[in-house]
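Q: My questions all concern the structure below.
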Amino acid sequence: MSELPKGYEPQAVEEKWYQYWLDRQCFVADPARVGPARPAYAIVIPPPNVTGMLTLGHVLNNTIQDILARKARMDGKEVLWLPGTDHAGIATQAVVERTLKKQGAMKHREELGREKFLEHVWDWKDKHGGIIIQQLKKLGASCDWTRERFTMDPAYSKCVERVFVELYRKGLIYRGKRMVNWDPAARTALSDEEVDMLEEKGHLWHLKYPLLEAAGQTATQEFVAVATTRPETMLGDEAVAVNPQDERYRQLVGRHCLLPLQNKPIPIIADELVDPKFGTGCVKVTPAHDPNDYEIAQRHRLPLTVVIGPDGCMTPAAGEDFVGLDRLEARRAVVEQLTQQGLLLKTEDYVHNVGYSQRSHVPIEPYLSEQWFLKYPSVEPATRCVEAGSEQAPHPDAPGGPESLAPGAIRFHPDRWAKTYTHWMKNLRDWCISRQLWWGHRVPVWYRKPAGQPAAGDPPAPQIYCGTEPPPDAAQWEQDPDVLDTWFSSWLWPFATMGWPERTDTLKAFYPTADLVTGPDIIFFWVARMIMAGYEFMGELPFRNVYFTGIIRDKLGRKMSKSLGNSPDPLELIAKYGADALRFGTMRSAPLGQDILFDEQNVELGRNFCNKLWNACRFRQMVAGPDTPTEGEIDPALLTSDDRWILLRLDTAIREIDAAFAEYRFNEVTQTLYRFFWSEYCDWYVEASKATLANSDRGTPSAEPGAGPAEGAARRANTVAVIDFVLGHMLRLFHPFLPFITEELWQGLGYRESLPADQGGATIMFARWPKPFDDAEKEHFRLDPAAAQSAEAKYDLVSKGRNLRREFNLPAGKKLKFVLKPATDLPAHELEVMRLLLHAETIEIDAAYLPPKGTPLAANALGELYLPLAGLIDAGAERARLTKELGKIQAEIAKAQANLDNPQFTAKVPPHVLEQHQQRLAGWQAKEKQVQAGLANL
RNA sequence: GCGCGCUUAGCUCAGUGGUAGAGCACUUCCUUCACACGGAAGGGGUCGCAGGUUCAAGUCCUGCAGCGCGCACCA
């Protein structure tokens with residue numbers, strides 16, 4: 001690159017490099033390359049809905065995965081990031097149904113029939129599926145796209161069927177008529193996990209049921225009072241229950257009352273389930289519409305009267321006044337009729353929790369139906385591997401190491417989710433896996449069609465066939481119409497995507513995977529079930545670390561939602577700011593384990609950051625010239641204090657970044673990167689380096705006494721070598737977060753030159769991750785803390801000098817003359833750096849300087865810096881300034897002195913802390929003297 | 001009811017016992033030859049409240065309050 005444009009323009013750059021990486025197969029994982037020297041590293045993507053669109057949640061989640069994958073590649077691992085999509089049964093079917101209805105193609109899917117309808121869904125999938133994959137590419141995701149999988153791929157579907165059959169044969173899958181969570185909008189059963197309990201302000205209606213003398217006889221004047229939140233269900237009541245211990249009602253047990261509106265005698269029964277302390281102590285029993293009531297009905301052999309149908313409307317059994325009404329309309333109608341008949345005792349306001357379908361957002365209807373259930377497999381190892389709260393456990397070995405089922409084998413980040421996981425695992429209830437949908441994996445079970453002539457004797461037991469292939473005499477059988485819960489396919493994701501049940505090379509090399517990145521909202525749906533499936537079908541855990549992201553919310557803390565319209569389109573943000581900016585801004589504001597309040601300003605900050613990085617590299621091109629090679633040797637003898645300081649800061653940054661990565665603290669990594677690059681490299685080092693660089697530019701000899709032009713050029717080259725060293729390291733540190741701009745600069749500035757192709761020569765993607773200096777290197781470059789201290793003292797004095805400029809309202813552009821009364825020897829080069837940083841015309845060194853009365857001063861360990869401004873200074877203002885500073889200093893002295901005067905402190909504190917405090921005190925005392933002298937001089 | 005999290009600058013949040021931090025916003029100044037998507041300086045904090053442990057607490061412990069979330073639910 002000969003010349004860089006003034007600002008960074010991401011659009012052209014991003015497209016170009018993504019294609020470059022694809023062309024060179026940089027994302028492709030090869031199991032053959034895995035070996036002891038090149039460990040495998042694998043992540044499987046949480047498959048997004050195939051017809052979904054990219055959200056900020058996806059951005060966060062996939063950026064983290066991409067960072068992990070890119071970092072692992074730079075660490076020399078063979079990386080597989082396996083992508084794919086999920087068929088998302090209910091969501092996808094609902095979208096297609098809605099669209100077809102809107103188009104007038106059907107009123108209900110039954111009109112089209114299963115085959116026709118599924119054709120439409122596949123059409124939809126072909127049209128909209130894969131959009132999200134394209135969007136992930138825009139984000140820079142380095143997935144191995146050659147291995148993209150879909151949960152409805154033929155091979156994947158075979159895995160699902162195989163697993164069903166295996167679990168069926170083990171007796172873990174069974175069919176049963178049960179009370180399930182019914183979604184009347186989607187008209188399907190749901191699992192317990194798909195029901196959200198939402199607090200709702202409702203009513204408690206107290207109803208009067210007239211007592212009968214005996215069954216079928218006339219009513220007495222007596223009543224039983226029952227309370228309900230759902231009066232419409234009373235149409236299906238089959239009993240009134242009381243607690244057998246309840247003295248108040250004992251004499252009623254065995255009698256009957258008359259169910260109002262239905263005019264049906266129902267018995268009064270005794271059951272332990274009734275809490276005598278709640279309400280009236282009498283419970284109406286609706287066996288077909290309440291799970292508890294169903295249990296009671298089983299025990300008492302009560303009939304089931306279904307009054308609410310699968311569509312949420314009242315059935316004919318509800319009576320002609322109510323049939324066809326929606327359940328909420330029916331509620332109003334029932335209350336009205338009971339009121340008219342004087343059977344409504346009272347209505348109380350009542351706050352209670354109502355189950356809502358997570359999918360359709362309508363109230364769940366408990367509904368009795370025939371469903372398939374799974375008794376969870378491998379619960380014991382799956383519980384144990386997470387249970388032990390992995391905090392103290394050592395970081396697991398790289399994948400491929402010896403396997404164990406030890407507690408702590410899977411680590412959660414943050415760890416606290418382990419508790420949630422364990423709690424759920426210990427209270428498992430069988431999983432309802434059948435769905436009354438068409439889009440999904442059809443239950444691989446066939447029922448024998450009724451024979452033409454049933455035998456005269458006892459009817460033959462229904463015959464069931466379960467297999468991955470249809471039964472041989474298929475014509476005699478009918479397949480179960482239901483499909484399986486989507487999660488029943490995605491729980492196989494980590495191995496079904498790698499060729500299972502074959503022991504493929506991929507599976508051997510990359511399973512178990514290293515990290516899983518997902519949201520805590522699917523810890524039960526997906527994470528827990530994957531762990532169980534891993535143990536059950538692979539015999540080992542599916543991953544070693546689970547990183548739980550926070551939930552992205554808007555500025556006001558609300559969840560992102562379509563209806564609120566508060567969910568920005570990530571692609572628009574990428575178009576506006578660049579993918580790197582979106583990634584960096586998101587990661588910077590995403591602390592481990594906390595929700596993220598999204599603000600577009602974060603992305604703007606990311607863009608500004610990229611622009612700054614761009615310009616820092618532009619500066620390098622400008623001062624060194626585009627043709628200067630980037631691998632210049634650093635000569636330790638020529639290093640300035642600024643050089644040594646920035647190399648030490650780089651060393652510190654690398655160490656901090658490594659530590660943060662080890663704990664998945666990505667926002668900490670970004671903060672360190674930000675601080676090092678902006679506050680340390682740009683703000684101080686680049687500015688200080690201009691002293692060396694500009695000097696030689698002007699062709700004047702170095703300010704160093706005795707240095708000739710040749711040495712000036714050598715110093716200049718050395719500074720460029722330091723700049724290149726720092727930038728080359730920095731680009732690599734930034735790469736996992738900012739893949740595009742770092743590649744552009746890596747290639748453009750020539751850092752790839754002279755490197756082997758597989759170590760950064762072809763792409764920064766495979767450049768080696770920077771290492772901190774070892775002791776020998778530190779020794780070689782003389783990078784001791786003292787080297788840094790002199791630079792820092794200089795920067796401190798510069799800041800104070802600049803402050804003088806501000807305090808006395810001297811415009812930033814005005815060249816000033818300073819006088820320095822040095823406390824130590826100060827090399828000419830150091831002085832020149834100070835002069836530049838202070839934007840001073842000159843700094844005069846005068847050890848015997850006697851400042852005119854009222855000359856403002858800034859002081860630290862380097863000496864006293866005066867700003868002689870004869871006659872310009874308001875003595876009062878200067879006194880106020882110095883007095884304020886003195887106050888600060890004396891407060892610090894008092895604090896330090898108090899500690900050091902405390903015998904407890906000096907006796908118990910560790911030596912290095914004691915020394916710290918002593919030095920601090922001495923430092924403040926020296927400053928106190930300088931400031932006091934300044935005050936005296938006024 | 002049980003569990004988890006949060007409470008630090010105007011806002012959003014880092015902070016891992018040892019001198020209270022960042023970004024944005026604010027005030028003032030500067031278009032100085034990398035960058036105005038920039039630079040410089042500055043103002044702004046009894047770290048939710050009350051106890052305790054410690055030489056030392058924003059940080060550890062206990063209790064309380066407010067907010068949020070999860071699980072479990074009695075009609």
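Q: If I ask for residues that are more than 30 Å from A:C432 (Cβ to Cβ) and near RNA strand B (Cβ under 10 Å from one of its atoms), which ones from the stretch A:191-205 would you list?
A: Within the stretch A:191-205, A:W205 is the sole residue that qualifies.
Q: I'd like to know if the stretch A:240-248 contains one or more residues that are away from RNA strand B (no atom under 12 Å from the Cβ) and within 25 Å of A:R331 (Cα to Cα).
A: For the stretch A:240-248, residues away from RNA strand B (no atom under 12 Å from the Cβ) and within 25 Å of A:R331 (Cα to Cα): absent.
Q: Related question: Can you tell me which residues in the stretch A:29-57 are in contact (Cβ under 8 Å) with a residue 40 or more places away in the chain and small (G, A, S)?
A: A:A29, A:A32, A:A40, A:A42, A:G52, A:G57
Q: Still on this structure, I have one more. Of the conditions (1) away from RNA strand B (no atom under 13 Å from the Cβ); (2) more than 20 Å from A:W205 (Cβ to Cβ), A:Q262 fails just one. Which one is it?
A: So A:Q262 meets the others, but not (2).
Q: Can you pull out the residues in the stretch A:114-146 that are of a type in the set (D, E, K, R) and assigned to a helix (DSSP H, G or I)?
A: We begin by selecting, within the stretch A:114-146, every residue of a type in the set (D, E, K, R); these are A:114-116, A:119, A:123, A:125-127, A:137-138, A:144.
Listed by number, the residues that qualify are A:R114, A:E115, A:K116, A:E119, A:D123, A:K125, A:D126, A:K127, A:K137, A:K138.
Q: Would you please name the residue that is farthest from RNA strand B (Cβ to nearest atom), looking only at residues in the stretch A:294-313 that are open to solvent by less than 30 Å² (accessible area, probe 1.4 Å), under 44 Å from the mean Cα position of the chain (by Cα) and touching a residue at least 24 places away in the same chain (Cβ under 8 Å)?
A: A:G312
Q: Right, another one. So, restricting to helices (runs of 4 or more DSSP H) that lie completely within the stretch A:543-626, which ones have at least 1 residues that are in the same structural domain as A:Y664 (by TED's automatic domain parsing)? Can you show your working first?
A: On the way: elements: A:570-577, A:579-588, A:600-624.
Where helices (runs of 4 or more DSSP H) fall fully within the stretch A:543-626 and carry at least 1 residues being in the same structural domain as A:Y664 (by TED's automatic domain parsing), they are A:600-624.
Q: Also, quick follow-up: Could you identify the single residue in A:E915, A:E878 that is acidic (D, E) and touching a residue at least 60 places away in the same chain (Cβ under 8 Å)?
A: Answer to the selection: A:E878.
Q: Please verify whether A:S689 is at pLDDT below 90, of a type in the set (S, T, Y) and either out of contact with any Phe, Trp or Tyr (no Cβ under 8 Å at 6 or more places or on another chain) or in the same structural domain as A:L826 (by TED's automatic domain parsing) (or both), treating the condition exactly as stated. Walk me through how you get there before you give the answer.
A: Numbers: at pLDDT below 90: no; of a type in the set (S, T, Y): yes; either out of contact with any Phe, Trp or Tyr (no Cβ under 8 Å at 6 or more places or on another chain) or in the same structural domain as A:L826 (by TED's automatic domain parsing) (or both): yes.
No; evaluated as a whole, the condition is false for this residue.
Q: Just to verify a result, which residue in the stretch A:591-605, among those that are within 7 Å of RNA strand B (Cβ to nearest atom) and polar (S, T, N, Q), is most open to solvent (accessible area, probe 1.4 Å)?
A: The residue in question is A:Q601.
Q: Cβ contacts < 6 Å: first residue free of Cβ contacts under 8 Å to residues at least 24 places away in the same chain, restricted to the stretch A:564-578; second residue open to solvent by less than 60 Å² (accessible area, probe 1.4 Å) and of a type outside the set (A, V, I, L, M, F, W, C), any location; separation 6+ or different chain. Result?
A: Pairs that qualify, where the first residue is free of Cβ contacts under 8 Å to residues at least 24 places away in the same chain and the partner is open to solvent by less than 60 Å² (accessible area, probe 1.4 Å) and of a type outside the set (A, V, I, L, M, F, W, C), are A:N566/A:D554.
Q: I would also like to ask the following. Quickly run through the stretch A:589-613 and pick out the residues that are in contact with a Gly (Cβ under 7 Å, 6 or more places away or on another chain) and of a type outside the set (D, E). I'd like the intermediate steps shown before the answer.
A: Our first condition is that a residue be in contact with a Gly (Cβ under 7 Å, 6 or more places away or on another chain); within the stretch A:589-613, this holds for A:590, A:593-597, A:602-603, A:605-607, A:610-611.
Correct list: A:A590, A:G593, A:Q594, A:I596, A:L597, A:N602, A:V603, A:L605, A:G606, A:R607, A:C610, A:N611.
Q: Among the residues of the stretch A:796-825 satisfying the criterion of being touching a residue at least 24 places away in the same chain (Cβ under 8 Å) and among the charged types (D, E, K, R), which is most open to solvent (accessible area, probe 1.4 Å)?
A: Among them, the one singled out is A:K817.
Q: Within the stretch A:360-384, how many residues are β-branched (V, I, T) and part of a loop (DSSP other than H, G, I, E, B)? Walk me through how you get there before you give the answer.
A: Of the stretch A:360-384, the ones β-branched (V, I, T) are A:362, A:364, A:379, A:383.
Subsequent filtering for residues that are part of a loop (DSSP other than H, G, I, E, B) retains A:362, A:364.
Residues in the stretch A:360-384 being β-branched (V, I, T) and part of a loop (DSSP other than H, G, I, E, B): 2 in total.
Q: Within the stretch A:463-483, identify whether any single residue is more than 27 Å from A:A40 (Cα to Cα) and aromatic (F, W, Y), and answer yes or no.
A: Yes, some residue in the stretch A:463-483 is more than 27 Å from A:A40 (Cα to Cα) and aromatic (F, W, Y).
Q: A:E161 passes all but one of (1) assigned to a helix (DSSP H, G or I); (2) among the charged types (D, E, K, R); (3) within 16 Å of RNA strand B (Cβ to nearest atom); which number fails?
A: If we test A:E161 against (1) assigned to a helix (DSSP H, G or I); (2) among the charged types (D, E, K, R); (3) within 16 Å of RNA strand B (Cβ to nearest atom), just (3) comes out false.
Q: Which condition breaks for A:T229 when tested against (1) surrounded by fewer than 20 Cβ atoms within 10 Å (Cβ to Cβ); (2) polar (S, T, N, Q); (3) over 30 Å from A:S360 (Cα atoms); (4) within 13 Å of RNA strand B (Cβ to nearest atom)?
A: (3)
Q: Go through the residues of the stretch A:397-411 one by one and say whether even a single one is in a strand (DSSP E or B), at pLDDT 85 or above and not β-branched (V, I, T).
A: So the first thing to find is which residues in the stretch A:397-411 are in a strand (DSSP E or B), and the list is A:411.
In the following step, the residues that additionally are at pLDDT 85 or above were identified as A:411.
With not β-branched (V, I, T) added as a condition, the list becomes A:411.
The answer is yes; a qualifying residue exists.
Q: In addition: Residues in the stretch A:879-888: is at least one more than 53 Å from the chain's Cα centre (by Cα) and either surrounded by 12 or more Cβ atoms within 10 Å (Cβ to Cβ) or modelled with pLDDT under 80 (or both)?
A: Scanning the stretch A:879-888 turns up at least one residue that is more than 53 Å from the chain's Cα centre (by Cα) and either surrounded by 12 or more Cβ atoms within 10 Å (Cβ to Cβ) or modelled with pLDDT under 80 (or both).
Q: Return the total of residues in the stretch A:606-644 being open to solvent by 50 Å² or more (accessible area, probe 1.4 Å) and under 26 Å from the mean Cα position of the chain (by Cα).
A: So the answer is 2.
Q: Let me ask something additional. Does any residue of the stretch A:360-379 turn out to be at pLDDT below 90 and either among the charged types (D, E, K, R) or under 26 Å from A:Q221 (Cα atoms) (or both)?
A: The answer is no, given that none of the residues of the stretch A:360-379 is at pLDDT below 90 and either among the charged types (D, E, K, R) or under 26 Å from A:Q221 (Cα atoms) (or both).
Q: Then there is this: Looking at A:D482, A:D521, A:D473, A:D505, which is the one that is open to solvent by 10 Å² or more (accessible area, probe 1.4 Å), within 30 Å of A:E78 (Cα to Cα) and not polar (S, T, N, Q)?
A: Selected residue: A:D505, the only one of A:D482, A:D521, A:D473, A:D505 that is open to solvent by 10 Å² or more (accessible area, probe 1.4 Å), within 30 Å of A:E78 (Cα to Cα) and not polar (S, T, N, Q).
Q: Cβ contacts < 9 Å: first residue free of Cβ contacts under 8 Å to residues at least 40 places away in the same chain and away from RNA strand B (no atom under 16 Å from the Cβ), restricted to the stretch A:619-638; second residue of a type outside the set (K, R) and open to solvent by 60 Å² or more (accessible area, probe 1.4 Å), any location; separation 6+ or different chain. Result?
A: Taking only residues 6 or more apart or on different chains, the pairs are A:D627/A:S2.
Q: A:E841 versus (1) of a type in the set (D, E); (2) under 21 Å from A:I889 (Cβ atoms); (3) open to solvent by 50 Å² or more (accessible area, probe 1.4 Å): which is the lone unmet condition?
A: In the conditions (1) of a type in the set (D, E); (2) under 21 Å from A:I889 (Cβ atoms); (3) open to solvent by 50 Å² or more (accessible area, probe 1.4 Å), A:E841 misses (2) alone.
Q: Now a separate question. Can you find a residue that is within 10 Å of RNA strand B (Cβ to nearest atom), buried (at least 16 other Cβ atoms within 10 Å of the Cβ) and more than 21 Å from A:H413 (Cβ to Cβ) anywhere in the stretch A:581-590? Don't jump to the end; show me each part of the working.
A: So in the stretch A:581-590, the residues within 10 Å of RNA strand B (Cβ to nearest atom) come out as A:581, A:585, A:588-590.
Subset that is buried (at least 16 other Cβ atoms within 10 Å of the Cβ): A:581, A:585, A:588-590.
Of the ones still in play, those that are also more than 21 Å from A:H413 (Cβ to Cβ) are A:581, A:585.
Checked the stretch A:581-590: at least one residue is within 10 Å of RNA strand B (Cβ to nearest atom), buried (at least 16 other Cβ atoms within 10 Å of the Cβ) and more than 21 Å from A:H413 (Cβ to Cβ).
The values are calculated or read from the model by the stated rules, or taken from the named source; none is laboratory data. Model, not experiment: these values are computed from the prediction. Backbone-built Cβ (ideal geometry, glycine too); neighbour counts: all protein chains shown. For accessibility, only protein heavy atoms count, side chains too; no ligands or nucleic acids. Shrake-Rupley method; radii C 1.70, N 1.55, O 1.52, S 1.80 Å.
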